[in-house]
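Below is one structure, written out as structure tokens; comments come after it.
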Amino acid sequence: MKNFFTLIFVLIFQNLYFGQNTDVEFHLKFNEKDIAFGETYISKKKDTLSFETLRFYISSFQIIYKNDEVFSEKDSYHLIDQSDKESLIFKIPVNSKKEIKAIKFNIGVDSLASVSGAMSGDLDATKGMYWAWQSGFINMKIEGISKSANTRKNKFHLHVGGYLAPNYAMRTIELKVEKGQVKNNIIHINADFSKLFENISLSKTNSVMIPGEEAMKIADYSTKIFSIP
């Protein structure tokens, strides 16, 4: 009985001292509507498109507090995959009672992980996001169908990656957090891909499969899609 009460006390103390976990939840959208595979969307370029694959890496996730303290997640690599709803949420062990000023993260995988090769977890090669040691990881993979794409079965493939200059595809995002935006220990992050396709004409750019100039442009465009609702 004594050991039971000791355990209860320890659990309560840990919860009070460390705070609860905070969930980070991504919402993948097109024109502010949730993306669904099989649905048809229209871009600002007047391209019709439907998605079949939509994945990207989030890494080096940080929380910046009002007092300028910074929490940096360890071993921070998360594959966000529209086909796997569980992947859209991950937990971070932070004190949820502190007021958050901003969040910061990378889109993609850093050069150290790239040269280390495919590993376990979200960096496992079976996830379909690893090219080879020469090219490293695919930071963002977007595949689908568009009548604008003059390709076999109107398929488009946009694979964004590269870890060597001048084709370094990882990008850093910092989002300001306004008061009241974090509720119930959940940080919601929208990724609206209509903003990415504002700059892409699928009649011209429909097959990006290696690091290069086109991939770097898409990497730049991807920095505009994230927001905190």
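Rule-based calculations on the coordinates, nothing more; no lab input. Here the structure is a predicted model, which means the values were calculated and not measured. Reconstructed Cβ throughout: ideal geometry from the backbone, glycine too, with neighbour counts over all protein chains shown.
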Inset, instruction - Note down the magnitude of the dipole of the range 142-195 about its Cα centre, charges +1 on Lys and Arg C-beta and -1 on Asp and Glu C-beta and zero elsewhere, to the nearest 20 debye. - result: 240
Legend entry - Mean residue ellipticity (222 nm) of the chain, computed from DSSP H runs ≥ 4 via -39,500 (n - 2.57), nearest 500: -4500 deg cm²/dmol
Legend entry - Over 21 Å (Cα to Cα) - which of K141/K224; K29/K153; K97/K183; K44/K217; K98/K179 fall in this group: K29/K153
Legend entry - Virtual spin-label span in nm between N31 and K147, 7 Å along Cα→Cβ: 1.5
Legend entry - In range of the label at E52: residues from the range 143-169 whose backbone nitrogen is under 19 Å from the point 7 Å along Cα→Cβ: 143-160
Legend entry - Whole-Hz couplings from phi, Karplus 6.51/-1.76/1.60, listed for the range 223-229; x for Gly and Pro: 5, 8, 8, 9, 7, 10, x
Legend entry - From phi via Karplus (6.51, -1.76, 1.60), per-residue ³J(HN,Hα) for the range 185-196 in Hz, x at Gly/Pro: 6, 10, 9, 8, 10, 8, 10, 9, 6, 5, 6, 5
Inset, instruction - Towards the positive end of the charge dipole of the chain, with charges on Cβ (+1 Lys, Arg; -1 Asp, Glu), say which of N106, N199, H157 has the farthest Cα. - result: N199
Legend entry - In degrees, nearest ten, helix 213-222 long axis to first principal axis of the chain (Cα): 40
Legend entry - Residue-wise HN-Hα coupling along the range 65-74, computed from phi with Karplus coefficients 6.51, -1.76, 1.60 (Hz; x: Gly, Pro): 8, 4, 8, 6, 5, 10, 9, 10, 5, 7
Inset, instruction - With a point put 7 Å past each Cα toward its Cβ, work out how far L112 is from K179 in nm, to one decimal. - result: 3.8
